[in-house]
Amino acid sequence: MSTNKKDKELIYNSKEAWKALDNFIKKSNPSNLFILTDENTRKHCIPYFLEKTFFEFTPYIITIPTGEKYKNISTCVDVWNTLSENGADRNSLIINLGGGVVTDLGGFVASTYNRGVNFINIPTSLLAIVDASVGGKNGIDLGHLKNQIGVINSPEMVIIDTAFLKTLPSEHLTSGIAEMLKHGVIHNKEYWNEVKNINVFNKDEFENLIWGSINIKKEVVTKDPFEKDLRKTLNYGHTLGHAIESYFLESSEKKTLLHGEAIAIGIILATYISSETHNFPKNTLEEVSRSILNYFSKVEFTNIDIENIIKLLVFDKKNRNGKVLFVLLEDIGVYQTNCTVNNELIYKAFEYYKNL
């Protein structure tokens, strides 16, 4: 069990998780229980969830459509109405069972309904396990702009059971690896050297790396829960990565990218920029780029694409006083926050990516 005293977050692994959930429900005695899922989770994960749990009363299952494009205020309104129509009150409990969209949106819904009801996250995707469900960030997109609306509020607990990963398509498993690689480059060389050649088929090794990634994020969030400095490093690669994701999400001519696919590109771009502005070692830049491309296919960008992506940077949440601010690295685990980057260098970063 891992405890974050600043934000009360408790993270349980599969050996103790289900007993902890049972104990919490018995102790808190919620007036009613709601399970938030999406269509995929309801089909593939609810059966296992119901095998592992026993409730004295039947939970009400709320199912939202699958996909990032439904992580919006309209979906929230539907969920709020469903809660209200089915007697949810301040003593209700919401369990968010799903990937990052479900835990992000479910945490936001719970934090705002009746000015806040208890919620628990049970992440079922690798991305949600190592990133979205941990740290207390809850939110929704504003149109195609990522996570523009939200709150910081921790769940009562996070239940980690890697058995859910068996339900994932391969591309969704790979998507989560991007965040693990990010944790490696921002944390230290030891973890980077372990995670850069991750073998998902070695169960024990993979699970140890997953917990290493969870613990890195937990450590960062514990030290800086409200993103004053250190927590900004968790956004490494996300300034351009989120803009790329948003652009591909809104474009009818582009194939929508998974979060990890966009962030993988963002990490390469940020590392190139770091090499140009903060003397990040060139050989390590090549190592980071090659490691990422071992998992992710290249994506083509035209100059018009890049121009539109740069325009979206103004909506990044780290921005201050009209300036677009990046997290950059001097070396693996050595960071600088609040860095400005000119557009010419961003174009050069995309050119570097193109020529890999």
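One line per residue, one yes/no per condition, for (1) at pLDDT below 95; (2) among the charged types (D, E, K, R):
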site	(1), (2)
L145	yes, no
Q148	yes, no
I186	no, no
E219	yes, yes
R231	yes, yes
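For region 272-288, which residues satisfy the criterion of being β-branched (V, I, T) and either at pLDDT below 95 or open to solvent by less than 40 Å² (accessible area, probe 1.4 Å) (or both)?
Scanning region 272-288 gives I273, T284, V288.
Can you confirm whether region 70-82 contains a residue that is over 22 Å from V117 (Cβ atoms) and either modelled with pLDDT of 95 or more or assigned to a helix (DSSP H, G or I) (or both)?
no
Considering (1) surrounded by fewer than 20 Cβ atoms within 10 Å (Cβ to Cβ); (2) in contact with a Phe, Trp or Tyr (Cβ under 8 Å, 6 or more places away or on another chain); (3) polar (S, T, N, Q); (4) closer than 29 Å to Y247 by Cβ, say which one S170 fails and leave the rest.
For S170, the exception is condition (2).
Going through N81, N114 one at a time, which residue ends up being open to solvent by 40 Å² or more (accessible area, probe 1.4 Å), more than 24 Å from K218 (Cβ to Cβ) and touching a Lys or Arg at 6+ places or on another chain (Cβ under 6 Å)?
Exactly one of N81, N114 is open to solvent by 40 Å² or more (accessible area, probe 1.4 Å), more than 24 Å from K218 (Cβ to Cβ) and touching a Lys or Arg at 6+ places or on another chain (Cβ under 6 Å), namely N114.
Within region 137-185, track down each residue that is of a type in the set (S, T, N, Q), in contact (Cβ under 8 Å) with a residue 12 or more places away in the chain and over 19 Å from T75 (Cβ atoms).
Once the filter is applied, which keeps residues that are of a type in the set (S, T, N, Q), in contact (Cβ under 8 Å) with a residue 12 or more places away in the chain and over 19 Å from T75 (Cβ atoms), region 137-185 yields S154, T162, T167, T174, S175.
The rows are residues; the columns are (1) more than 18 Å from G98 (Cα to Cα); (2) touching a residue at least 60 places away in the same chain (Cβ under 8 Å); (3) open to solvent by 20 Å² or more (accessible area, probe 1.4 Å).
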{"residue": "T124", "(1), (2), (3)": "no, yes, no"}
{"residue": "L127", "(1), (2), (3)": "no, yes, yes"}
{"residue": "G135", "(1), (2), (3)": "no, yes, no"}
{"residue": "H187", "(1), (2), (3)": "yes, yes, yes"}
{"residue": "E194", "(1), (2), (3)": "yes, no, yes"}
{"residue": "N202", "(1), (2), (3)": "yes, no, yes"}
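Can you tell me which condition P30 does not meet? The list is (1) at pLDDT 95 or above; (2) in contact with an Asp or Glu (Cβ under 8 Å, 6 or more places away or on another chain), and all the others hold.
Every listed condition holds for P30 apart from (2).
Kindly list, by first and then second residue, each pair from a residue in region 25-51 that is surrounded by 15 or more Cβ atoms within 10 Å (Cβ to Cβ) to a residue that is among the charged types (D, E, K, R) and not in a helix (DSSP H, G or I), limited to pairs with Cβ atoms under 8 Å and residues at least 6 apart or on different chains.
N32/D89
Does T239 meet the test of being over 27 Å from Y48 (Cβ atoms), open to solvent by 20 Å² or more (accessible area, probe 1.4 Å), assigned to a helix (DSSP H, G or I) and in contact with a strand residue (DSSP E or B) (Cβ under 6 Å, 6 or more places away or on another chain)? Let's see the steps before the verdict.
On the way: over 27 Å from Y48 (Cβ atoms): yes; open to solvent by 20 Å² or more (accessible area, probe 1.4 Å): no; assigned to a helix (DSSP H, G or I): yes; in contact with a strand residue (DSSP E or B) (Cβ under 6 Å, 6 or more places away or on another chain): yes.
Considered against the rule, which asks whether it is over 27 Å from Y48 (Cβ atoms), open to solvent by 20 Å² or more (accessible area, probe 1.4 Å), assigned to a helix (DSSP H, G or I) and in contact with a strand residue (DSSP E or B) (Cβ under 6 Å, 6 or more places away or on another chain), T239 comes out as no.
For E253, only one of the following conditions fails: (1) open to solvent by 10 Å² or more (accessible area, probe 1.4 Å); (2) without any contact (Cβ under 8 Å) to a residue 40 or more places away in the chain; (3) part of a helix (DSSP H, G or I). What is its number?
(3)
Return yes when N283 is among the polar types (S, T, N, Q) and outside any helix (DSSP H, G or I) and no when it is not.
no
Counting only residues that are of a type outside the set (F, W, Y), within 17 Å of G266 (Cβ to Cβ) and open to solvent by less than 90 Å² (accessible area, probe 1.4 Å), how many does region 289-305 have?
Number of matching residues: 7.
Going residue by residue through region 238-253, is there one that turns out to be under 16 Å from E300 (Cα atoms) and in contact with a Ser or Thr (Cβ under 8 Å, 6 or more places away or on another chain)? Even if it seems obvious, please write down each step before you answer.
Narrowing region 238-253 to residues under 16 Å from E300 (Cα atoms): 240-241, 243-249, 251-253.
Checking the rest, the ones that are also in contact with a Ser or Thr (Cβ under 8 Å, 6 or more places away or on another chain) come to 248-249.
Yes; the residues of region 238-253 include at least one that is under 16 Å from E300 (Cα atoms) and in contact with a Ser or Thr (Cβ under 8 Å, 6 or more places away or on another chain).
The values are calculated or read from the model by the stated rules, or taken from the named source; none is laboratory data. Since the model is a prediction, treat every value here as computed from it, not as a measurement. Because the Cβ atoms are built from the backbone with ideal geometry, glycine has one as well, and the counts that use them run over all protein chains shown. Calculation scope for accessible area: heavy atoms of the full protein, side chains included, ligands and nucleic acids excluded. Shrake-Rupley method; radii C 1.70, N 1.55, O 1.52, S 1.80 Å.
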